[in-house]
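The next block holds one structure in the form of structure tokens; read it before the comments.
Nothing in this text is a laboratory measurement; each read-out follows from the coordinates by a stated rule. Note that the structure is a prediction, hence the values are computed from the model and not measured. Virtual Cβ from ideal backbone geometry, glycine too; neighbours counted across all protein chains shown.
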Amino acid sequence: MHHHNYLTAALLIMMSGACFPAAENSAQSARPAGTQEEDIYARPVQQNNWSRPTEDLLWNFHNMYQPCVVEIKDATHPYRMWFFGWTTEDGNPDIPGCDAIYHARSRNLENWEVWQGDNSWDADMRPATWAPVLTASERFYDAWHNGDPSVTYMEGRYYMAYSATSKPYFKKNHKHLDGQLLCIMGAISDDGMQWVKTAEPLLIESVEAQNAETNNHDVCDFHRPSLMRHEDKWKLWFDYWNHPHGVCMGYAENTGDFDAPGGFKPQHDLKKQPLIKNWPNPEINLVGGRYYAFADPVGYPPKATHSAAARMWSARALCEAVSDDGLHWRIIGYIPPDADADACHVPQTLLTFRDGERRLYLFYATQRGGAPEYDYRYNRIRAMWRPVL
């Protein structure tokens, strides 16, 4: 656990990409909007249709994940990655807040080097030299956690949606997340390293939800965004807390400027019509006119072990869904974890051409795991891929 006693177990779970599996397990069976009835904890397991090199792209770090990769027109380093977490010890004690976002680049999607600041890059996996590109600010809702980056590149500029939180116990008597406020922030950059944050959050729960004594009545805890620019609008999928269903996926659009206050507006009833229930860490890509979503929900057959933590974490796995409109989804099923990992979580995708074919890459992080004490921290970033039409 974290060295600081005010960082609770619930916060650790949130920052590790999890969404309170214990609470989700008590949720009612539910139906994603517009699809057949299903048990949201009994989804099928896919046959292996992915090429899985299991070669590490980034490693040696203390706990890092959410590898968002963007392709740009650059002859030397066309692939750019943003990821976040802790470089060398829990909580990044030498920088503002707790979690921070970092940046890497690659010539070929296999070999990566990480930004160290001062126009230098580390190709030798020395996390102590890595410099963050986005850290917490003094705004109360952005003062602790900066993570879950989702980046879109358009007309020479980078646009990022990311998760932000207040410090723990911001409201001492508030019962959801120990008084911590979660929201989705934005940032804009010309080079991927220097970012200007938006004046206001892209999405934040209502004042009523912020002041509620529990999280049982209002939707809250907007987090983990997936940003897309399509059809002359900004599209944003995200997860949020929706009692009694647990962590659900929602969707918002912005037809104006990315950083316009209040520009992102939900396109469905978040309380009554969540897009998918039990769908934390959503990632969406558009392939051949169809939307593909990935997440890491609970429901995968857990590893048989005496450790309750191991059962909880290994019961979460990468999972896939498909949609024709981005709103009505059909679950395809779980992707089994790597053979040498207790669990694989926090999916991100890239659609690109490699070796004469169009491929969908799925980036993810592997959990340390182990026994008898299960280590929830992530120690490797990897990718699998499959050809697409």
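Data for the structure
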{"item": "Dipole magnitude (debye, nearest 20) for the chain, charges at Cβ of Lys, Arg, Asp, Glu", "result": "600"}
{"item": "Extended-chain gain in nm, criterion 0.36 nm per residue less alpha-carbon gap, Ala309 and Arg157", "result": "50.5 nm"}
{"item": "Cα centroid separation - region 250-326 against region 114-154, whole Å", "result": "24"}
{"item": "Calculated over region 31-115: convex hull of Cα atoms, volume per residue (Å³)", "result": "204"}
{"item": "Region 131-246 shape via C-alpha gyration tensor axes, a/c threshold 1.5", "result": "oblate"}
{"item": "Virtual spin-label span in nm between Leu389 and Ala75, 7 Å along Cα→Cβ", "result": "3.7"}
{"item": "Where Rh is the Kirkwood radius over Cα pairs, Rg/Rh for region 252-293", "result": "1.02"}
{"item": "Listed peptides 352-359, 62-69 by packing density, highest first (mean Cβ within 10 Å)", "result": "62-69, 352-359"}
{"item": "For peptides 72-81, 103-112, 45-54, 375-384, sequence by mean Cβ density within 10 Å, most packed first", "result": "375-384, 103-112, 72-81, 45-54"}
{"item": "Shape of region 205-320, Cα gyration tensor, a/c cut at 1.5", "result": "oblate"}
{"item": "Estimated FRET transfer efficiency when R0 is 25 angstrom, pair Arg139-Asn211 (beta carbons, to 0.05)", "result": "0.85"}
{"item": "Cα-Cα over 22 Å, subset of Lys167/Lys272; Lys197/Lys271; Lys167/Lys235; Lys197/Lys265; Lys235/Lys271", "result": "Lys167/Lys272; Lys197/Lys271; Lys167/Lys235"}
{"item": "Unit charges on C-beta of K, R, D, E only; dipole of region 82-164, Debye", "result": "280"}
{"item": "Shape category assigned to region 255-369 from the gyration tensor of Cα positions, a/c cut at 1.5", "result": "oblate"}
{"item": "Packing-based order for 269-277, 208-216, 365-373, 234-242, using average beta carbon neighbours within 10 Å, highest first", "result": "234-242, 269-277, 365-373, 208-216"}
{"item": "Expected 222 nm ellipticity per residue - DSSP helices of 4 or more, -39500 (n - 2.57), all of the chain, to 500", "result": "-1500 deg cm²/dmol"}
